[in-house]
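**Student:** One structure follows; several queries about it will come next.
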Amino acid sequence: MNGTRHEEFRSYVAERGAVLLRAATQLTSDRAEAEDLLQAALAKTYLAWDRIQDRSAVDGYVRRAMVNTQISWWRRRKLDVYPTDRLPDRPVADDHARRSEMRDALGRALRRLPERQRVTVMLRYYEDMSEQEIADFLGVSVGTVKSTVSRAVAKLRDEEGLR
């Protein structure tokens with residue numbers, strides 16, 4: 001891969017990395033696993049970079065690589081679990097039902113926020129934008145973004161379902 005293509009790939013990762021990490025997090029539900037998954041998918045994409053003619057399709061290529069890699073990892077882990085006649089003495093550490101309930105409660109709590117607070121929280125924590133980027137995007141000052149996010153987070157902390 002020549003220097004120009006290398007730089008093109010680096011700029012793609014710099015520009016789309018946060019969005020792709022969110023997609024990986026949705027596949028794994030764990031930040032550390034998501035980072036590993038994204039890194040593996042980007043390594044595969046880097047090797048195939050010269051074969052990808054349509055640069056607008058790169059996101060789809062990376063997402064497909066993440067899905068395929070996640071399935072492969074899931075199958076590999078699945079072989080490590082063997083059936084037994086005895087039930088474990090302690091509960092499983094990862095409570096999927098609780099995590100699902102928490103995700104639903106968070107969605108409901110976010111919908112109850114005023115629109116401006118909801119938008120700033122989503123841009124700050126879901127889109128991972130800086131306060132300056134949010135201020136530029138919304139056409140307000142950085143101080144307004146800080147106070148709006150602060151008020152929204154305070155309301156979310158008071159939500160009963162999020163405790």
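The values are calculated or read from the model by the stated rules, or taken from the named source; none is laboratory data. It should be emphasised that the depicted structure is a prediction, and the values quoted were computed from it without experimental measurement. Heads up, the Cβs are rebuilt from the backbone with ideal geometry, glycines too, and the neighbour counts pull from every protein chain shown. Heads up: the accessible areas ignore ligands, DNA and RNA and are worked out on the full protein's heavy atoms, side chains in. Shrake-Rupley method; radii C 1.70, N 1.55, O 1.52, S 1.80 Å.
**Student:** Condition check: among the basic types (K, R) and either outside any helix (DSSP H, G or I) or at pLDDT below 90 (or both). Does R86 satisfy that?
**Tutor:** yes
**Student:** Only one residue in A135, A152 is small (G, A, S), closer than 28 Å to G17 by Cβ and touching a residue at least 12 places away in the same chain (Cβ under 8 Å). Which one?
**Tutor:** Within the list A135, A152, the selection yields A152.
**Student:** Just checking, which of A43, A14, A18, A34 is at negative phi, among the aliphatic types (A, V, I, L, M) and open to solvent by less than 40 Å² (accessible area, probe 1.4 Å)?
**Tutor:** A34 is the lone residue from the list that is at negative phi, among the aliphatic types (A, V, I, L, M) and open to solvent by less than 40 Å² (accessible area, probe 1.4 Å).
**Student:** Could I ask something else about it? Suppose the filter is open to solvent by 60 Å² or more (accessible area, probe 1.4 Å) and either assigned to a helix (DSSP H, G or I) or at pLDDT 90 or above (or both); does R99 pass it?
**Tutor:** Spelling it out, R99 is indeed open to solvent by 60 Å² or more (accessible area, probe 1.4 Å) and either assigned to a helix (DSSP H, G or I) or at pLDDT 90 or above (or both).
**Student:** Okay, moving on. Restricting the search to region 46-76, which residues are surrounded by 11 or more Cβ atoms within 10 Å (Cβ to Cβ) and assigned to a loop (DSSP other than H, G, I, E, B)?
**Tutor:** Hit for region 46-76 is I52, nothing else.
**Student:** Sticking with this structure for a sec: Kindly indicate the residue of region 106-116 that is open to solvent by less than 70 Å² (accessible area, probe 1.4 Å) and touching a Leu at 6+ places or on another chain (Cβ under 9 Å) and also farthest from Q26 (Cα to Cα) among those meeting that condition.
**Tutor:** Taking the candidates together, the pick is L113.
**Student:** Quick one: in region 124-137, of everything that is modelled with pLDDT of 90 or more and open to solvent by less than 100 Å² (accessible area, probe 1.4 Å), which residue is nearest to the chain's Cα centre (by Cα)?
**Tutor:** Step by step, filter region 124-137, then rank; the result is R124.
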